[in-house]
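Q: Mind having a look at this structure? Questions to follow.
A short reminder: the numbers here are calculations on the coordinates, not readings from a lab. Predicted model, so just to flag it, every value in this text is computed and none were measured. With ideal geometry, Cβ positions are generated from the backbone for all residues, glycine too; neighbour counts draw on all protein chains shown.
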Amino acid sequence: MHLFKQLTRISLFENVASFVEEMQINEHDFILAARAVFEKYFAPFNLTAQVVFRSNYGKSEPTDLMTDALIADFNQSGCDRIVAIGGGSVIDMAKVLMIKDARKTESIFLREVPIIKGHKLIAVPTTCGAGSEVSPVSIVSLTQKGTKVGLSAEEIIPDHAALIPQLLEDMPYKVFATSAIDALIHAVESFLCPKANTYTDLFSEQAIKTIVTGFCALSRNGEGEKINLLKDFLIASNMAGIAFANAGTGAVHALSYPLSTQYHVTHGEACYQFFTTVLLEYQHQNPQGKIMRLKEILSAILHCSIGDVFITLESLLDQVIPRQPLHCYGMDEDDIESFADNVLALQERLLSQSYIRLSRETIISIYHSLL
């Protein structure tokens, strides 16, 4: 029985200069980057690589149309190695470029063409949430389908993950908070996933402890505490990525995708809306399963009774950044059933690896309760 695999080489760099020197970035490299980060931290090195910016392709989270345009630019570049510098959306887009003879994103994500690795990828995360730098998953919105879909394939696992805490220093607080909550969700969902095992639990538990402990410090000391958490949270996000790459995520992610697609809510923020509500539903349906161990872990960090864990966690996260009702993003009653049907039709991979498989009625109830 397969238990665990980690194919990505992971390096921690003190600064950008040491990264540029070790990676020997040159004219054969194709860099996809977040513009602001690149111009501040990388442009002073006068790199000879071909550089394109994520903003060239659109401001929304990745769509098939955006990645189609990126694929065309890469194919014309003549470059071989790819360097992705940015958050999860940048890295997810860059993963598509790894595929040999890539042309159309929809064909790739619907597996209508062979998924064969053709190029190497160095992933440099600039947020502490996605964990995409070590995962076999890329997420895009298919415009004709009206929802996000995921491609999970060993061929798109980055070859090298470069962790540089310096790059997180200018991250806006909201991005920092929602990214870190996303990493916590990765850790919790992978911990509860039926495919979890002793190896993945090691990474999930450590990520949970690091992030929740950090959130407690933020609650005590205010937003200024962020600067002291960047390295720990970047590593915790990476560990959560390793956990979900091997075990998987579940219903929280599944329910978030229609919200992200329809109303352009960023990934971490969208997942946050459903996190504790889904956990409470899991607890209701199977209170004596592995969720009990999760509650014991959280109880020790939050210094609360096991019975109050999820309410206490919800309160803590609300102090880190308040959660909004779904109607604040534009969702209304008319969306609920279509969102539920969308989840059931297109997110089978996530629903099947959830702690509890949610019924259509339960999904509708969750959407309704959060509206």
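Q: Looking at the chain, what % of its DSSP beta bridges pair antiparallel, to the nearest 5?
A: Beta bridges within the chain, antiparallel portion: roughly 25 percent.
Q: Do the sum for the chain: with -39,500 (n - 2.57) for every DSSP H run of n ≥ 4, divided by all residues, what is the mean residue ellipticity at 222 nm, to the nearest 500 deg cm²/dmol?
A: When only DSSP H runs of four or more count, the value is -16000 deg cm²/dmol.
Q: Let me ask you something else. Over the chain, calculate the relative contact order: mean separation of alpha carbon pairs under 8 Å at least 6 apart, over the residue count, as a percent.
A: 16
Q: As an exercise, use a Förster radius of 22 Å and the Cβ-Cβ distance of residue 45 and residue 14 to find the FRET efficiency, rounded to the nearest 0.05.
A: Taking R0 as 22 Å, the efficiency between residue 45 and residue 14 is 0.90.
Q: Listing 66, 93 from the residue with the fewest other Cβ atoms within 10 Å to the one with the most, what is the order?
A: 66, 93
Q: Within segment 90-181, which trypsin sites (Lys or Arg not before Pro) sit in a loop by DSSP and count at most 16 neighbouring Cβ atoms inside 10 Å?
A: Passing sites in segment 90-181 are 100, 103, 104, 111, 120, 145.
Q: Let me ask something else. Cα axis of helix 230-246 to longest principal axis of the chain: angle in degrees, 0 to 90, nearest 10?
A: 80
Q: Please compute the modelled spin-label separation between residue 368 and residue 72, points set 7 Å along Cα→Cβ, answer in nm with one decimal.
A: A separation of 4.6 nm, rounded to one decimal place.
Q: Hey, another quick one. With everything on Cα atoms, drop me the angle between helix 291-302 and the longest principal axis of the chain, reported from 0 to 90° to the nearest 10.
A: Between the helix axis and the principal axis of the chain, the angle is about 80 degrees.
Q: Another question, then. Sorted by mean Cβ packing within 10 Å, highest first, what order do the peptides 121-131, 302-312 take?
A: Order by mean packing, descending: 121-131, 302-312.
Q: Could you let me know the centre-to-centre spacing of segment 115-175 and segment 197-270, using Cα atoms, in angstrom?
A: First find each Cα centre; the distance between them is then 14 Å.
Q: What aspartates and glutamates sit close enough to residue 209 to cross-link, taking a C-alpha to C-alpha distance under 20 Å and skipping anything fewer than 8 places away on the same chain?
A: The qualifying aspartates and glutamates are 182, 189, 201, 223, 225, 232, 296, 308, 314, 318.
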